[in-house]
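The values are calculated or read from the model by the stated rules, or taken from the named source; none is laboratory data. Bear in mind the structure is a predicted one, so any value in this text is a computation, not a measurement. Here Cβ is always computed from backbone atoms with ideal geometry, including for glycine, and neighbour counts include all displayed protein chains. The accessibility values were calculated without ligands, DNA or RNA, using every heavy atom of the protein model including side chains. Shrake-Rupley method; radii C 1.70, N 1.55, O 1.52, S 1.80 Å.
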Amino acid sequence: MHSPPCTAGNPGDFMKKVMLVTGAGRGIGAQVALMAGQRGYAVAVNYQNSRDAALDVVRQIEAAGGKAVALQANVGDSTEVARLFVEVDAQLGTLDVLVNNAGILASYRVDALDEDNLRKTFEANVYSTFYCCREAVRRMSTAHGGRGGVIVNISSMAARLAVVAGGTVYSASKGAIDSFNMSLAKEVGLEGIRVNAVRPGLIDTDIHEARGGLEKIREMAKSSVQMGRSGSPAEVAEAVLWLASDAASYVHGSVIEVAGGR
Ligand code: NDP
(Lines give C-alpha, C1' and ligand atoms only; values in the text may rest on other atoms or scores of the structure.)
Protein backbone atom coordinates (compact mmCIF):
# COMPACT_ATOMS: atom_id res chain seq x y z
CA MET A 1 0.00 0.00 0.00
CA HIS A 2 2.83 2.39 0.87
CA SER A 3 5.35 2.76 -1.94
CA PRO A 4 8.82 3.84 -0.77
CA PRO A 5 9.00 7.65 -0.81
CA CYS A 6 12.06 7.93 -3.02
CA THR A 7 12.43 10.66 -5.61
CA ALA A 8 13.84 8.19 -8.17
CA GLY A 9 14.45 4.48 -8.58
CA ASN A 10 17.78 4.53 -6.73
CA PRO A 11 17.27 3.27 -3.20
CA GLY A 12 20.38 5.07 -1.89
CA ASP A 13 20.02 7.39 1.10
CA PHE A 14 20.61 10.45 -1.04
CA MET A 15 17.40 9.67 -2.92
CA LYS A 16 15.20 9.30 0.16
CA LYS A 17 12.52 11.91 0.66
CA VAL A 18 13.35 14.16 3.59
CA MET A 19 10.85 14.80 6.39
CA LEU A 20 11.29 17.22 9.28
CA VAL A 21 9.09 16.53 12.33
CA THR A 22 9.10 19.20 15.03
CA GLY A 23 8.87 18.03 18.64
CA ALA A 24 9.68 14.46 17.61
CA GLY A 25 11.43 13.13 20.70
CA ARG A 26 8.17 12.23 22.44
CA GLY A 27 4.47 11.58 21.95
CA ILE A 28 2.79 11.99 18.57
CA GLY A 29 5.91 13.50 16.96
CA ALA A 30 8.04 10.50 17.94
CA GLN A 31 5.50 8.10 16.37
CA VAL A 32 5.38 10.18 13.17
CA ALA A 33 9.18 10.11 12.99
CA LEU A 34 9.41 6.35 13.64
CA MET A 35 6.72 5.55 11.07
CA ALA A 36 8.36 7.89 8.53
CA GLY A 37 11.69 6.11 9.06
CA GLN A 38 10.01 2.72 8.52
CA ARG A 39 8.41 3.98 5.31
CA GLY A 40 11.65 5.15 3.76
CA TYR A 41 11.98 8.82 4.63
CA ALA A 42 15.20 10.35 5.88
CA VAL A 43 13.92 11.93 9.09
CA ALA A 44 15.00 15.08 10.92
CA VAL A 45 13.93 14.48 14.53
CA ASN A 46 13.65 17.92 16.11
CA TYR A 47 13.60 18.26 19.89
CA GLN A 48 13.80 21.11 22.36
CA ASN A 49 14.62 19.50 25.72
CA SER A 50 14.21 15.73 25.25
CA ARG A 51 17.64 14.97 23.80
CA ASP A 52 17.87 11.37 25.04
CA ALA A 53 14.39 10.56 23.77
CA ALA A 54 15.17 12.09 20.35
CA LEU A 55 18.44 10.13 20.13
CA ASP A 56 16.48 6.99 20.98
CA VAL A 57 14.05 7.68 18.10
CA VAL A 58 17.04 8.09 15.78
CA ARG A 59 18.58 4.84 17.09
CA GLN A 60 15.33 2.94 16.47
CA ILE A 61 15.09 4.27 12.91
CA GLU A 62 18.73 3.40 12.22
CA ALA A 63 18.35 -0.06 13.78
CA ALA A 64 15.56 -0.75 11.27
CA GLY A 65 17.88 0.28 8.43
CA GLY A 66 16.59 3.85 8.06
CA LYS A 67 18.24 7.25 8.19
CA ALA A 68 17.60 9.95 10.80
CA VAL A 69 19.28 12.80 12.66
CA ALA A 70 18.33 14.48 15.94
CA LEU A 71 18.39 18.27 15.74
CA GLN A 72 17.89 20.55 18.75
CA ALA A 73 15.94 23.79 18.32
CA ASN A 74 13.24 25.76 20.07
CA VAL A 75 10.88 26.16 17.12
CA GLY A 76 9.19 29.09 18.84
CA ASP A 77 12.34 31.11 18.14
CA SER A 78 12.85 32.31 14.55
CA THR A 79 16.67 32.33 14.76
CA GLU A 80 16.73 28.74 15.98
CA VAL A 81 14.28 27.70 13.26
CA ALA A 82 16.49 29.27 10.56
CA ARG A 83 19.47 27.32 11.95
CA LEU A 84 17.41 24.11 12.16
CA PHE A 85 16.51 24.27 8.47
CA VAL A 86 20.13 24.95 7.44
CA GLU A 87 21.12 21.84 9.44
CA VAL A 88 18.43 19.78 7.70
CA ASP A 89 19.73 21.03 4.31
CA ALA A 90 23.29 20.10 5.22
CA GLN A 91 22.65 16.75 6.90
CA LEU A 92 19.76 15.29 4.90
CA GLY A 93 19.31 17.42 1.77
CA THR A 94 16.30 19.16 0.26
CA LEU A 95 13.22 19.09 2.44
CA ASP A 96 10.15 17.28 1.05
CA VAL A 97 7.80 17.14 4.04
CA LEU A 98 7.39 19.37 7.08
CA VAL A 99 5.26 18.19 10.02
CA ASN A 100 4.49 21.04 12.43
CA ASN A 101 3.86 18.94 15.51
CA ALA A 102 5.59 20.71 18.43
CA GLY A 103 3.13 22.09 20.93
CA ILE A 104 2.29 22.64 24.57
CA LEU A 105 -0.93 22.62 26.54
CA ALA A 106 -2.17 25.58 28.58
CA SER A 107 -4.91 25.10 31.12
CA TYR A 108 -6.33 27.96 33.23
CA ARG A 109 -9.27 30.33 33.19
CA VAL A 110 -8.95 33.60 31.31
CA ASP A 111 -9.49 35.61 34.52
CA ALA A 112 -6.30 33.95 35.81
CA LEU A 113 -4.39 34.72 32.62
CA ASP A 114 -0.65 34.09 32.89
CA GLU A 115 0.87 36.50 30.35
CA ASP A 116 4.20 34.70 30.20
CA ASN A 117 2.44 31.39 29.56
CA LEU A 118 0.17 32.98 26.95
CA ARG A 119 3.24 34.16 25.03
CA LYS A 120 5.05 30.81 25.43
CA THR A 121 1.99 28.85 24.26
CA PHE A 122 1.56 30.96 21.15
CA GLU A 123 5.31 30.79 20.45
CA ALA A 124 5.32 26.98 20.72
CA ASN A 125 2.00 26.31 18.97
CA VAL A 126 1.57 29.17 16.48
CA TYR A 127 4.77 31.18 15.88
CA SER A 128 6.62 27.88 15.41
CA THR A 129 4.30 26.98 12.55
CA PHE A 130 4.79 30.36 10.86
CA TYR A 131 8.58 30.23 11.28
CA CYS A 132 8.88 26.64 10.03
CA CYS A 133 6.52 27.22 7.10
CA ARG A 134 8.47 30.32 6.05
CA GLU A 135 11.64 28.24 5.79
CA ALA A 136 9.84 25.29 4.18
CA VAL A 137 8.03 27.38 1.54
CA ARG A 138 11.29 29.13 0.62
CA ARG A 139 12.76 25.70 -0.09
CA MET A 140 9.76 23.84 -1.56
CA SER A 141 7.89 26.42 -3.63
CA THR A 142 8.31 26.22 -7.39
CA ALA A 143 8.14 30.04 -7.28
CA HIS A 144 11.46 29.89 -5.42
CA GLY A 145 12.94 27.24 -7.73
CA GLY A 146 11.94 24.35 -5.45
CA ARG A 147 10.45 21.00 -6.46
CA GLY A 148 7.31 21.19 -4.27
CA GLY A 149 6.53 19.40 -1.05
CA VAL A 150 4.00 18.70 1.66
CA ILE A 151 3.20 20.47 4.92
CA VAL A 152 1.14 18.80 7.66
CA ASN A 153 0.01 20.96 10.58
CA ILE A 154 -1.04 19.38 13.87
CA SER A 155 -4.12 21.19 15.12
CA SER A 156 -6.49 19.86 17.79
CA MET A 157 -10.17 19.09 18.31
CA ALA A 158 -9.89 21.88 20.89
CA ALA A 159 -9.87 24.32 17.95
CA ARG A 160 -13.55 23.69 17.36
CA LEU A 161 -14.87 22.12 20.58
CA ALA A 162 -14.96 23.96 23.89
CA VAL A 163 -14.20 20.73 25.70
CA VAL A 164 -12.79 21.83 29.03
CA ALA A 165 -12.98 24.91 31.23
CA GLY A 166 -9.58 26.57 31.18
CA GLY A 167 -9.04 25.86 27.51
CA THR A 168 -9.17 29.35 25.98
CA VAL A 169 -5.45 29.84 25.39
CA TYR A 170 -4.80 26.37 23.96
CA SER A 171 -8.02 26.31 21.88
CA ALA A 172 -7.29 29.73 20.41
CA SER A 173 -3.74 28.70 19.53
CA LYS A 174 -5.07 25.66 17.65
CA GLY A 175 -7.85 27.72 16.06
CA ALA A 176 -5.05 29.86 14.63
CA ILE A 177 -3.51 26.72 13.12
CA ASP A 178 -6.81 25.80 11.42
CA SER A 179 -7.07 29.28 9.87
CA PHE A 180 -3.40 29.28 8.93
CA ASN A 181 -3.74 25.85 7.31
CA MET A 182 -6.60 26.97 5.09
CA SER A 183 -4.94 30.24 4.08
CA LEU A 184 -1.52 28.76 3.44
CA ALA A 185 -3.12 26.13 1.20
CA LYS A 186 -4.58 28.93 -0.95
CA GLU A 187 -1.25 30.77 -0.97
CA VAL A 188 0.97 27.93 -2.18
CA GLY A 189 -1.39 25.48 -3.93
CA LEU A 190 -0.17 26.54 -7.36
CA GLU A 191 3.46 26.27 -6.26
CA GLY A 192 3.65 22.50 -5.80
CA ILE A 193 3.03 22.45 -2.06
CA ARG A 194 0.14 20.50 -0.52
CA VAL A 195 -0.96 21.79 2.89
CA ASN A 196 -3.22 19.88 5.28
CA ALA A 197 -3.88 19.49 8.98
CA VAL A 198 -4.72 16.76 11.45
CA ARG A 199 -6.97 17.44 14.44
CA PRO A 200 -6.23 14.83 17.11
CA GLY A 201 -8.72 14.24 19.89
CA LEU A 202 -7.73 12.77 23.26
CA ILE A 203 -4.45 10.99 22.59
CA ASP A 204 -2.36 9.08 25.14
CA THR A 205 0.73 11.26 25.60
CA ASP A 206 2.56 13.15 28.34
CA ILE A 207 0.88 16.41 27.28
CA HIS A 208 -1.91 15.56 29.73
CA GLU A 209 0.40 15.33 32.79
CA ALA A 210 -0.56 18.80 33.98
CA ARG A 211 -4.27 18.01 34.02
CA GLY A 212 -4.33 14.68 35.79
CA GLY A 213 -2.38 12.40 33.47
CA LEU A 214 -3.40 9.49 31.28
CA GLU A 215 -5.78 7.86 33.73
CA LYS A 216 -7.93 10.98 33.87
CA ILE A 217 -7.85 11.35 30.08
CA ARG A 218 -8.88 7.73 29.57
CA GLU A 219 -11.73 8.15 32.04
CA MET A 220 -12.83 11.37 30.30
CA ALA A 221 -12.75 9.58 26.93
CA LYS A 222 -15.22 6.92 28.11
CA SER A 223 -18.05 9.47 28.23
CA SER A 224 -16.93 12.20 25.78
CA VAL A 225 -15.68 10.13 22.83
CA GLN A 226 -18.14 8.19 20.65
CA MET A 227 -15.72 5.24 20.50
CA GLY A 228 -15.39 5.36 24.28
CA ARG A 229 -11.61 5.48 24.40
CA SER A 230 -8.61 7.74 23.92
CA GLY A 231 -6.38 7.29 20.87
CA SER A 232 -2.77 6.28 20.45
CA PRO A 233 0.02 8.40 18.94
CA ALA A 234 0.33 5.76 16.21
CA GLU A 235 -3.29 6.31 15.16
CA VAL A 236 -2.51 9.99 14.62
CA ALA A 237 0.78 9.22 12.89
CA GLU A 238 -1.03 7.03 10.32
CA ALA A 239 -3.09 10.04 9.20
CA VAL A 240 0.00 12.27 9.04
CA LEU A 241 1.93 9.74 6.95
CA TRP A 242 -1.03 9.30 4.61
CA LEU A 243 -1.32 13.06 4.08
CA ALA A 244 2.42 13.23 3.42
CA SER A 245 2.26 10.44 0.85
CA ASP A 246 1.38 10.47 -2.85
CA ALA A 247 -1.74 8.50 -1.91
CA ALA A 248 -3.13 11.87 -0.79
CA SER A 249 -2.06 13.67 -3.97
CA TYR A 250 -5.40 15.48 -4.40
CA VAL A 251 -5.93 16.30 -0.71
CA HIS A 252 -5.19 19.96 -0.06
CA GLY A 253 -6.42 22.58 2.42
CA SER A 254 -8.15 19.79 4.37
CA VAL A 255 -8.32 18.77 8.00
CA ILE A 256 -8.53 15.14 9.11
CA GLU A 257 -10.03 14.54 12.53
CA VAL A 258 -8.45 11.61 14.37
CA ALA A 259 -10.64 11.76 17.43
CA GLY A 260 -12.78 8.63 17.71
CA GLY A 261 -15.86 10.70 16.92
CA ARG A 262 -15.40 13.24 19.67
P1 NDP B 1 3.88 15.75 24.16
O2 NDP B 1 3.83 16.62 25.37
O3 NDP B 1 3.97 14.28 24.33
O4 NDP B 1 5.04 16.22 23.20
C5 NDP B 1 5.18 17.56 22.86
C6 NDP B 1 6.37 17.69 21.97
O7 NDP B 1 6.48 19.05 21.54
C8 NDP B 1 7.67 17.33 22.67
O9 NDP B 1 8.43 16.54 21.81
C10 NDP B 1 8.35 18.68 22.88
O11 NDP B 1 9.76 18.62 22.78
C12 NDP B 1 7.82 19.45 21.70
N13 NDP B 1 7.92 20.91 21.89
C14 NDP B 1 7.14 21.71 22.67
N15 NDP B 1 7.55 22.98 22.55
C16 NDP B 1 8.57 22.98 21.67
C17 NDP B 1 9.40 23.98 21.11
N18 NDP B 1 9.25 25.27 21.45
N19 NDP B 1 10.37 23.63 20.24
C20 NDP B 1 10.54 22.32 19.88
N21 NDP B 1 9.78 21.32 20.37
C22 NDP B 1 8.82 21.65 21.25
O23 NDP B 1 2.57 16.15 23.32
P24 NDP B 1 1.78 15.43 22.15
O25 NDP B 1 2.64 14.47 21.45
O26 NDP B 1 0.48 15.01 22.69
O27 NDP B 1 1.49 16.70 21.22
C28 NDP B 1 1.98 16.82 19.89
C29 NDP B 1 1.06 17.79 19.17
O30 NDP B 1 -0.25 17.25 19.13
C31 NDP B 1 0.94 19.14 19.85
O32 NDP B 1 0.88 20.18 18.88
C33 NDP B 1 -0.39 19.04 20.57
O34 NDP B 1 -0.98 20.30 20.80
C35 NDP B 1 -1.18 18.21 19.59
N36 NDP B 1 -2.34 17.54 20.14
C37 NDP B 1 -2.23 16.58 21.12
C38 NDP B 1 -3.34 15.97 21.63
C39 NDP B 1 -3.28 14.93 22.69
O40 NDP B 1 -4.35 14.56 23.25
N41 NDP B 1 -2.13 14.39 23.02
C42 NDP B 1 -4.69 16.34 21.17
C43 NDP B 1 -4.70 17.34 20.15
C44 NDP B 1 -3.56 17.91 19.66
P45 NDP B 1 10.78 18.42 24.03
O46 NDP B 1 10.25 17.28 24.86
O47 NDP B 1 12.08 18.10 23.35
O48 NDP B 1 10.86 19.71 24.76
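The figures follow:
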read-out	value
Gyration tensor verdict on the chain (Cα atoms; rounded if a/c is under 1.5, prolate if a/b is larger than b/c, oblate otherwise)	prolate
Contact order relative to length of the range 50-89, as percent, for alpha carbon pairs under 8 angstrom and 6 or more apart	28
Share of carbon and sulfur in the accessible heavy-atom surface of the range 139-249 [1.4 Å probe, %]	53
Folded to 0 to 90 degrees: helix 78-92 orientation relative to the chain principal axis, Cα	40
The range 120-159 shape via C-alpha gyration tensor axes, a/c threshold 1.5	oblate
Modelled FRET efficiency - R0 30 Å, ALA64 with MET182, Cβ distances, 0.05 increments	0.25
Calculated [θ] (222 nm, deg cm²/dmol) that DSSP helices of n ≥ 4 give over the chain, each run adding -39,500 (n - 2.57)	-13000 deg cm²/dmol
Listed peptides 129-137, 22-30, 254-262 by packing density, highest first (mean Cβ within 10 Å)	22-30, 129-137, 254-262
Taking the range 48-148 and dividing mean pair separation by its residue count, relative contact order in percent (alpha carbons under 8 Å, at least six apart)	27
Net lengthening on full extension, ASP206/GLN38 (0.36 nm per residue, minus Cα-Cα)	58.1 nm
Potential extension, ASN49-VAL164 segment - 0.36 nm per residue separation minus Cα distance	38.6 nm
Gaussian network model of the chain, springs between alpha carbon atoms under 10 Å - residue of SER179, SER50, SER232 with greatest fluctuation	SER179
Angle between the chain longest axis and helix 27-38 axis [Cα atoms, degrees, rounded to 10]	20
Distance from the range 211-238 to the range 80-159 (C-alpha centre basis), Å	25
Most to least packed among 197-206, 107-116 [average Cβ atoms within 10 Å]	197-206, 107-116
Amide H partners (placed H, <5 Å) of ALA197, local residues excluded	ASN153, SER254, VAL255, ILE256
